[in-house]
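The next block holds one structure in the form of structure tokens; read it before the comments.
What follows is calculated from the coordinates using simple rules that are stated; it is not laboratory data. No experiment lies behind these values; they were computed from the predicted model shown. Here the Cβ is made from the backbone with ideal geometry for all residues, glycine too, and neighbour counts use every protein chain on show.
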Amino acid sequence: MSLHAQTSPMTGHSDPTLSLYHLLDQEVLANPYPLYHRLRSEDPVHWDPYLHTWIVTRYADVVTVLQHFSASRTPTPEQLTALDLPTLVPLAEVLVRQMLFLDPPAHGRIRALASKAFTPSRVETLRSHIQDITNSLLDTLQANNHMDVIADLAYPLPAIVTAEMLGLPTSDWKQLTAWSADFAEALGNFQHNPDHAPRVLHSLEEMCAYFHAAVQEHREHPRDDLISALLTAEVDGDCLSEEEVVANSIMLMTGGQETTTNLIGNGLLTLLRHPAQLEKLRAAPFLIPSAIEELLRYESPIQYTSRLAPNDIQMGGRTIRKRQAVIAVMGAANRDPERFPDPDRLDICRQDNRHLAFAWAAHFCFGAPLARLEGHIAFETVLRRMPRLGLEPGPVSWRENLAFRGLTTLPVTF
Ligand code: HEM
């Protein structure tokens, strides 16, 4: 959700065939890279007349946007009330407290407090649990010779891990996944589908009530989990309010699910489409960390994010006006030949692979160590236990949440 500036950029001609809106075409959704290539080479700082926003696609410019532009892009509850949009106020109440939508100093405060709770040792203690969860998910499938990677592994694994990490009943994972998908729709889509809005808002109401109850329960029975740690985290006498704990628990839950699902799904699809690379990885599992970075670069689970220009700024020969919205397309920057030699080639041994799939600078993904760990265990276990893994024939279908790039299903045999 963002308030896009309504002023025309006065840049004259803007080619409609370059609109990011074409991601709604199934063909472009299946392979957005030719569109990104055109944007990067023909109009790297592009005014999109349909989305009423700037689209930035070169690696260097995406880094500039992520480093220097404002993340405070959601309308406040007061602005929405003034705009006579009261139904969106509950969503804004949550978003304005999430670290992802804050600028300094508010961002640094929330991130530092949350870092007290989400420590490297907390991630490390999850390692054996992640392996156990992966094993038990695959155990139930081993008797078959086929599975849907998305439904059978990529959805449940991060959902169960996230529930366990936060200190929520793991049996609630399907409900948590459904809420996360609705929340991701509010964050990731620019279609503004009015038919979906009531469901998304209802889902948010239920999720907030659930998390407030969980916070209450954790206050009464503190234990060694992330919600308890967020409730007691302290920096120089400052603590998170209950509203901030709820908003950022929701952020950690949604941030940790859709994305990791897409790393596992997109990653396995990509390996299966590149059999020589897959065989190389099977033969040398020590390459898994570098393969994960390459898979994140090649089919990034989050394709873009947005920011607002802090001032009038010159970029790529264009003037971006103060407070105009900018979409930074990490999926395009990750295929920029100026930064990555032969960018459309998958190379699990690629060196100097500083991709932008986890973004850059202050908002660099807070959960990256956990995502890498889950990805590592998922890929290692699948490749080890399923030596004859193969794609089932037929087209694959991509989810229509455009910022979050992921598959609806991935049927495989093994
Ligand atoms: C492959 C999996 C993942 C990918 C590709 C990913 C990607 C990203 C990206 C691109 C951002 C920055 C967005 C922006 O700057 O607008 C981000 C931020 C964030 N991610 Fe992740 N993420 C993943 C997994 C996770 C996990 C597992 C968690 C939590 C356990 C998580 C929690 C967060 C949080 C809290 C932020 C906000 C950080 C801040 O604003 O300071 N993410 N992630």
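Here are the numbers:
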{"item": "Relative contact order %, the chain, counting alpha carbon pairs below 8 Å whose residues are six or more apart", "result": "24 percent"}
{"item": "Two-decimal ratio, region 77-189, of alpha-carbon radius of gyration to 2.2 N^0.38 Å", "result": "1.39"}
{"item": "Surface/4 estimate of mean projected area, convex hull on alpha-carbon atoms of the chain, nm²", "result": "20.2 nm²"}
{"item": "For the chain, the longest site-free run once trypsin sites (Lys or Arg not before Pro) in DSSP loop states with at most 16 other Cβ atoms within 10 Å are removed", "result": "1-222"}
{"item": "Taking N as its residue count, the alpha carbon Rg of region 100-152 over 2.2 N^0.38 Å", "result": "1.85"}
{"item": "Placed amide H near residue 48: partners under 5 Å, 5+ positions off or other chain", "result": "53, 54, 55"}
{"item": "Span per principal axis, largest first, for the Cα atoms of region 280-414 (Å)", "result": "55, 31, 29"}
{"item": "Using alpha carbons only: equivalent-ellipsoid semi-axes of region 230-314, gyration tensor based, whole Å", "result": "36, 20, 13"}
{"item": "Gained length - residue 112 relative to residue 385, 0.36 nm times residue gap less alpha-carbon distance", "result": "94.3 nm"}
{"item": "Over region 143-280, equivalent-ellipsoid semi-axes from the Cα gyration tensor in Å", "result": "31, 20, 15"}
{"item": "The chain: DSSP helices with Cα axial extent of at least 24 Å and average Kyte-Doolittle hydropathy no lower than -1.0", "result": "197-220, 242-273, 368-385"}
{"item": "Rounded D (µm²/s) - region 196-340, Kirkwood Rh over Cα pairs, Stokes-Einstein at 20 °C, 1.002 mPa s", "result": "110 µm²/s"}
{"item": "Percent RCO, i.e. relative contact order, over region 316-414, from Cα pairs under 8 Å lying at least 6 residues apart", "result": "16 percent"}
{"item": "Relative contact order of region 39-187, pairs being alpha-carbon contacts under 8 Å that are 6 or more residues apart, as %", "result": "11 percent"}
